[in-house]
1. Test of understanding: ordering Ser101, Ser137, Ser92 by Cβ neighbours within 10 Å, fewest first, what list do you get?
2. Is the stretch 14-135 best put as rounded, prolate or oblate by its Cα gyration tensor, with a ≥ b ≥ c the root eigenvalues, rounded for a/c under 1.5, and otherwise prolate when a/b is larger than b/c, oblate when not?
3. Run the quick spin-label model on Glu83 and Arg26: label points 7 Å from Cα toward the beta carbon, then report their separation in nm to one decimal.
4. Order by neighbour count: Tyr90, Tyr114, Tyr32, fewest other Cβ atoms within 10 Å first, most last.
5. Taking the stretch 82-125, how much of its Cα-Cα pair set, in percent, is spaced more than 17 angstrom apart?
6. Just want the answer: with Cβ charges of +1 for Lys and Arg and -1 for Asp and Glu, which residue in His27, Ser50, Leu40 is farthest toward the dipole's positive end in the stretch 14-135?
7. Which of Cys84, Cys37 comes first, and how do the rest follow, when ranked by fewest Cβ neighbours within 10 Å?
8. Tell me whether the stretch 13-53 comes out rounded, prolate or oblate; compute the Cα gyration tensor, take square roots of the eigenvalues as a ≥ b ≥ c, and use a/c under 1.5 as the rounded threshold.
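Read the figures in this text as sums done on the coordinates, not as results from a lab. For clarity, every value in this text was computed on a predicted model and none was experimentally measured. Every residue, glycine as well, gets a Cβ built from its backbone with ideal geometry; the counts of neighbours run over all protein chains shown.
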Amino acid sequence: MSSEISTEVTRSQVELAQPILDAIRRHGSEAYPHECCGALIGLGDRVIESLALSNTTEEGPRRRFLIHPEDYQAAEARAAATECELMGFYHSHPDHPALPSRYDLEHAWPFFAYIILSVRKGNPAELTAWRMLDDRSAFGAVELIGDALGHRGR
């Protein structure tokens, strides 16, 4: 197991409704073969909106993503306007597993949920959720729940 991933499961969960799941999967397919990224807006553990953001990386969007500070501010403003909070972010891994990378860990912020979508040959595949451990050494798995998932996920 990679040093970026802990076997520890965090005590949190993320709930996704079908329209949110569909929007994230669609964004991943549309961005393929590049990584997509977006914000998760909601209340408590429930995502009520996904906000697609531009991938502004200069390192090559095939293997990296970067959210511009103005887009981050726009996501926070959207959350405030809907009386919600910025819960975290999502991004895709084109033709790679939905597991966080060292780069993901180095660029993560505590307390946010991170959803990763694997996109295989343009088709959305597995979806996982993660949160940085308190000691910031690794990500712990977050449980994904909701009817949209057809089951309780990782």
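1. Working: Ser101 18, Ser137 12, Ser92 31.
Fewest to most other Cβ atoms nearby, the residues stand as Ser137, Ser101, Ser92.
2. Numbers: a/c = 1.40, a/b = 1.29, b/c = 1.09.
Rounded is the answer for the stretch 14-135, as its axis ratio a/c remains below 1.5.
3. Those two pseudo-labels are separated by 2.7 nm.
4. Numbers: Tyr90 29, Tyr114 23, Tyr32 19.
Lowest count first: Tyr32, Tyr114, Tyr90.
5. On the way: 366 of 946 pairs.
In whole percent, the long-distance tail amounts to 39.
6. The one lying farthest along the dipole's positive direction is His27.
7. Values: Cys84 18, Cys37 24.
Taking fewest neighbouring Cβ atoms as first place, the list is Cys84, Cys37.
8. Numbers: a/c = 2.73, a/b = 2.03, b/c = 1.35.
Prolate, since a/c reaches 1.5 and a/b exceeds b/c.
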